[in-house]
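Notes follow the structure.
Only the coordinates and a few stated rules stand behind these numbers; no lab work does. Note that the structure is predicted; figures quoted are calculated from it, not measured. Note that each Cβ is placed from the backbone with ideal geometry, even for glycine, and that neighbours are counted across all protein chains shown.
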Amino acid sequence: MAYYEGVGRRKAATARVRLYTEGRKGTVVVNERAIEAYFPGPEEIHTAVEPLQVTGLAGNFFVSVHVQGGGISGQAGAVRLGIARALLKSDPELRPTLRQGGFLTRDPRVKERKKPGLKRARKAPQYTKR
């Protein structure tokens, strides 16, 4: 079976996405479960499948996703980037549309590391004058 593959990352989450040209077209499966069963809210589902909706190819592929690490929001963002990269492999002419929507840019924001002498990344112990 022919497919296009894309890897997406966001925060600590990694998603391996495959777009199959044959099979159950219009279906999105995340970790062997329907996307509605995997992501708890409609915001995450919308975020994850946005590249398919913007390009108008939502019913043309069977989407299989394996995602691990991070939380719900990070996983949805990783799936979004993975789908966009796989779409780009399927049709390079989609690049301007995906670029304009911001789907091909990896979000570089990650958790800042804890610094020595501080309680967290930036929170310092309370100052006392006397």
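Brief remarks on what is shown
- Exactly one residue out of 64, 73 is small (Gly, Ala, Ser) and crowded, with 19+ Cβ neighbours inside 10 Å: that is 64.
- Filter pass, residue 3 being farther than 19 Å from residue 89 by Cα, crowded, with 18+ Cβ neighbours inside 10 Å and among the hydroxyl-bearing types (Ser, Thr, Tyr): no
- Some residue of region 102-113 being over 18 Å from residue 6 (Cα atoms), without any contact (Cβ under 8 Å) to a residue 40 or more places away in the chain and in contact with a helix residue (DSSP H, G or I) (Cβ under 7 Å, 6 or more places away or on another chain): no
- Exactly one residue among 97, 105 is within 14 Å of the chain's Cα centre (by Cα), under 30 Å from residue 35 (Cβ atoms) and hydroxyl-bearing (Ser, Thr, Tyr), and that residue is 105.
- If the condition is being within 19 Å of residue 74 (Cβ to Cβ) and not acidic (Asp, Glu), then region 102-119 contributes 102, 103, 104, 105, 106, 108, 109, 110, 111, 113.
- Neighbours by Cβ (under 7 Å, 6+ apart or cross-chain): first from region 25-37, touching a residue at least 40 places away in the same chain (Cβ under 8 Å); second hydroxyl-bearing (Ser, Thr, Tyr) and in a helix (DSSP H, G or I): 30/38
- Among (1) of a type outside the set (D, E, K, R); (2) surrounded by 13 or more Cβ atoms within 10 Å (Cβ to Cβ); (3) farther than 18 Å from residue 91 by Cα, the one test that residue 34 misses: (2)
- Within region 103-113, being more than 11 Å from residue 10 (Cα to Cα) and surrounded by 12 or more Cβ atoms within 10 Å (Cβ to Cβ) holds for 103, 104.
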